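Since the structure comes first, as structure tokens, the remarks are kept for the end.
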There are 2 protein chains.
Amino acid sequence: MEDRGTFDHLPHKTIARLSQYRRALLLCLSRGKSHIFSHEIATIQHITPVQVRRDLMLIGYSGTLRKGYNIKELISLIGNIIDSEEGLKVAIVGMGNLGRALINYFSGKRHKLSIIAGFDTNPDKIGNTMNGVPCYSATRMREIIEKEGIQIAIITVPAENASQTANELVAAGIKGLLNYTPKPIDVPEYVYLEEYDMITTLEKVAFYVKMKTLEEKGITTI
Amino acid sequence: MEDRGTFDHLPHKTIARLSQYRRALLLCLSRGKSHIFSHEIATIQHITPVQVRRDLMLIGYSGTLRKGYNIKELISLIGNIIDSEEGLKVAIVGMGNLGRALINYFSGKRHKLSIIAGFDTNPDKIGNTMNGVPCYSATRMREIIEKEGIQIAIITVPAENASQTANELVAAGIKGLLNYTPKPIDVPEYVYLEEYDMITTLEKVAFYVKMKTLEEKGITTI
DNA sequence: AAATAATTGTTAATAAAATAACATTGTTAT
DNA sequence: ATAACAATGTTATTTTATTAACAATTATTT
């Protein structure tokens with residue numbers, strides 16, 4: 001009996017950090033390091049060593065005292081947790097600036113997760129290849145998703161088309177969605193949805209800058 | 001005695017939702033609606049009505065029973081909380097695909113928050129204007145930030161230049177940073193930092209897709 | 001050989017966020 | 001007039017996430 005599925009109670013934040021640890025670890029490995037301490041990982045990620053150790057405890061990995069964690073082993077374990085054995089295919093819907101940015105960020109970085117198709121409605125883009133990713137007509141979305149077995153889609157279309165696009169993707173059998181439009185979408189419970197709204201994030205930064213400014217004024221004028 | 005500063009204990013998540021509420025409200029207003037119920041806001045944002053009411057309670061806004069919340073008033077209150085009276089200026093550092101995407105997303109959407117400068121090292125880009133935003137040489141960053149009083153910067157340079165860029169921005173007097181590179185940066189405590197890592201987010205989606213798939217297999221095969 | 005220091009792994013405590021429970025209050029219907 | 005209903009506002013509870021505390025262990029120093 002395998003113990004895949006053991007990891008289904010990991011905190012969401014831990015999952016995100018594991019992905020980041022892996023990237024840091026890959027970098028360390030490429031520099032010839034073989035072991036690493038929790039406080040080293042912590043420094044790279046700007047978090048506390050305790051948090052690192054706790055995350056690693058949760059995934060059941062043990063380091064050796066005074067030597068730290070074996071980088072190769074840890075990378076491999078994180079891979080077992082995050083990656084799908086067979087790999088997952090990803091599509092970008094909307095090949096505008098953001099879509100292309102994502103392709104550049106991602107191209108060839110993870111072999112278990114690859115962007116293999118882009119979709120757009122602009123005839124000038126259809127038929128082109130960007131960074132190795134072919135751009136298809138949005139009308140062929142379902143066909144290609146089914147044919148290629150694409151399971152994840154990133155929505156980078158204009159906000160007004162977001163929900164329509166999401167519906168089509170769900171109908172096409174997509175299992176995970178990453179929505180970069182500011183328009184919240186909704187999906188059946190069997191689809192995992194992650195929303196990220198750039199405008200909100202910027203406004204949040206603005207709010208905290210304002211707060212810091214007010215604080216300063218408070219301190220200097222009273 | 002003013003009560004600005006009253007809002008400095010709002011939960012981070014509430015701040016983010018307020019920004020989203022405002023956007024939804026502006027849309028409703030433009031459609032001629034004058035009042036809105038908590039459950040309507042909730043439906044738009046795919047959250048619960050309780051969450052909405054709680055957030056509004058925290059900012060001290062009261063609706064009227066059976067009529068809901070006055071949209072104009074609420075928009076204005078959220079503006080008082082999030083926006084700086086004088087407005088804040090934003091710079092984009094790195095005018096690649098992501099930088100340009102952000103400019104498109106944002107251009108002219110918030111008059112209290114405007115992207116007024118872009119920086120890049122590519123001579124082909126320097127001197128151009130993109131969506132009304134001039135692109136300057138990265139060597140002039142400090143000069144222009146100081147001259148224009150820019151307080152927020154969005155980092156969209158290649159990962160390997162992230163920390164260097166951040167240092168320069170901090171030295172130039174930036175108060176808030178939004179880092180879109182996958183490389184964590186660090187800044188003095190008087191600078192507000194928000195990091196967003198696209199690769200991690202995608203890997204997180206991949207993890208949950210994997211989990212859902214395993215669950216299904218579990219259910220159908222056992 | 002003993003003492004010290006450095007590090008892991010785990011449990012306990014705290015803090016932050018979301019959810020539930022429910023009291024209150026107008027409005028409508030009977 | 002009274003009952004039923006639909007909404008808000010608030011307190012209490014639960015859940016999630018982080019941080020702190022500390023025991024255990026091994027390497028190093030004296």
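Of the residues A:Asp120, A:Asp83, A:Asp124, which single one is among the acidic types (Asp, Glu), in contact with a Phe, Trp or Tyr (Cβ under 9 Å, 6 or more places away or on another chain) and within 22 Å of B:Gly99 (Cβ to Cβ)?
Among A:Asp120, A:Asp83, A:Asp124, only A:Asp120 is among the acidic types (Asp, Glu), in contact with a Phe, Trp or Tyr (Cβ under 9 Å, 6 or more places away or on another chain) and within 22 Å of B:Gly99 (Cβ to Cβ).
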Task: Within segment A:59-73, considering residues that are open to solvent by less than 70 Å² (accessible area, probe 1.4 Å) and within 24 Å of the chain's Cα centre (by Cα), the one farthest from A:Ala24 (Cα to Cα) - done: A:Gly60
Open item on the list: Please list, ordered by residue number, the strands (runs of 3 or more DSSP E) wholly in segment A:108-222 having 1 or more residues that are away from chain B (no Cβ under 14 Å) and among the aliphatic types (A, V, I, L, M).
Closed with: A:113-120
TODO: Among the residues of segment A:15-41, count how many are within 13 Å of DNA strand C (Cβ to nearest atom) and either in contact with a Phe, Trp or Tyr (Cβ under 8 Å, 6 or more places away or on another chain) or not assigned by TED's automatic domain parsing to the domain that holds A:Arg66 (or both).
DONE: 5
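Does A:Asp55 satisfy the criteria of being more than 13 Å from chain B (Cβ to nearest Cβ) and within 16 Å of DNA strand D (Cβ to nearest atom)? Can you show your working first?
On the way: more than 13 Å from chain B (Cβ to nearest Cβ): yes; within 16 Å of DNA strand D (Cβ to nearest atom): yes.
In short, yes.
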- [ ] Give me a count of the residues in segment A:30-53 that are touching a residue at least 12 places away in the same chain (Cβ under 8 Å) and of a type in the set (Lys, Arg).
- [x] 2
Task: Qualifying positions in segment A:97-116 - of a type outside the set (Ser, Thr, Tyr) and over 15 Å from A:Leu178 (Cβ atoms) - done: A:Asn97, A:Arg100, A:Asn104, A:Gly108, A:Lys109, A:His111, A:Lys112, A:Ile116
TODO: Considering (1) touching a strand residue (DSSP E or B) at 6+ places or on another chain (Cβ under 6 Å); (2) open to solvent by less than 60 Å² (accessible area, probe 1.4 Å); (3) away from DNA strand C (no atom under 14 Å from the Cβ), say which one A:Ser84 fails and leave the rest.
DONE: (1)
TODO: For residues that are more than 10 Å from DNA strand C (Cβ to nearest atom) and surrounded by 17 or more Cβ atoms within 10 Å (Cβ to Cβ), tally how many sit in segment B:43-58.
DONE: 3
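Does segment B:42-58 contain at least one residue that is among the polar types (S, T, N, Q), assigned by TED's automatic domain parsing to the domain that holds B:Ser76 and under 18 Å from the mean Cα position of the chain (by Cα)? It would help to see each step written out before you state the result.
Looking only at segment B:42-58, we keep the residues that are among the polar types (S, T, N, Q), and these are B:43, B:45, B:48, B:51.
Subsequent filtering for residues that are assigned by TED's automatic domain parsing to the domain that holds B:Ser76 retains B:43, B:45, B:48, B:51.
Checking the rest, the ones that are also under 18 Å from the mean Cα position of the chain (by Cα) come to B:45.
The answer is yes; a qualifying residue exists.
Tell me whether segment A:62-83 contains one or more residues that are in a loop (DSSP other than H, G, I, E, B), away from DNA strand D (no atom under 16 Å from the Cβ) and within 14 Å of chain B (Cβ to nearest Cβ).
First, pick out the residues of segment A:62-83 that are in a loop (DSSP other than H, G, I, E, B): A:62-63, A:65-67, A:83.
Restricting the remaining residues to those that are away from DNA strand D (no atom under 16 Å from the Cβ) gives A:83.
Still in the list and also within 14 Å of chain B (Cβ to nearest Cβ): A:83.
Within segment A:62-83, one or more residues are in a loop (DSSP other than H, G, I, E, B), away from DNA strand D (no atom under 16 Å from the Cβ) and within 14 Å of chain B (Cβ to nearest Cβ).
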TODO: Take the residues in segment A:22-44 that are within 13 Å of chain B (Cβ to nearest Cβ) and in contact with a helix residue (DSSP H, G or I) (Cβ under 6 Å, 6 or more places away or on another chain), then tell me which one is nearest to DNA strand D (Cβ to nearest atom).
DONE: A:Ala42
- [ ] Could you list, in sequence order, all residues of segment A:86-98 that are within 9 Å of chain B (Cβ to nearest Cβ) and more than 14 Å from the chain's Cα centre (by Cα)?
- [x] A:Gly96, A:Asn97, A:Leu98
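Would you say A:Ser76 is open to solvent by 20 Å² or more (accessible area, probe 1.4 Å), without any contact (Cβ under 8 Å) to a residue 60 or more places away in the chain and either of a type in the set (Val, Ile, Thr) or under 22 Å from B:Thr201 (Cβ atoms) (or both)?
no
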Open item on the list: Between A:Tyr180, A:Tyr208, A:Tyr192, A:Tyr136, which is in contact (Cβ under 8 Å) with a residue 60 or more places away in the chain and either hydroxyl-bearing (Ser, Thr, Tyr) or more than 21 Å from A:Gly99 (Cβ to Cβ) (or both)?
Closed with: A:Tyr180
Open item on the list: So, B:His9, is that one within 14 Å of chain A (Cβ to nearest Cβ), more than 26 Å from A:Asn179 (Cα to Cα) and either modelled with pLDDT under 95 or within 15 Å of DNA strand D (Cβ to nearest atom) (or both) or not?
Closed with: yes
Task: Qualifying positions in segment B:45-68 - touching a helix residue (DSSP H, G or I) at 6+ places or on another chain (Cβ under 7 Å) and hydroxyl-bearing (Ser, Thr, Tyr) - done: B:Thr48, B:Tyr61
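The values are calculated or read from the model by the stated rules, or taken from the named source; none is laboratory data. In this text, all values refer to a predicted model and were calculated from it rather than measured experimentally. Counting neighbours? That spans all protein chains shown, and the Cβs are built from the backbone with ideal geometry, glycine included. Remember, those area values only see protein heavy atoms, side chains included, never the ligands or the DNA or RNA. Shrake-Rupley method; radii C 1.70, N 1.55, O 1.52, S 1.80 Å.
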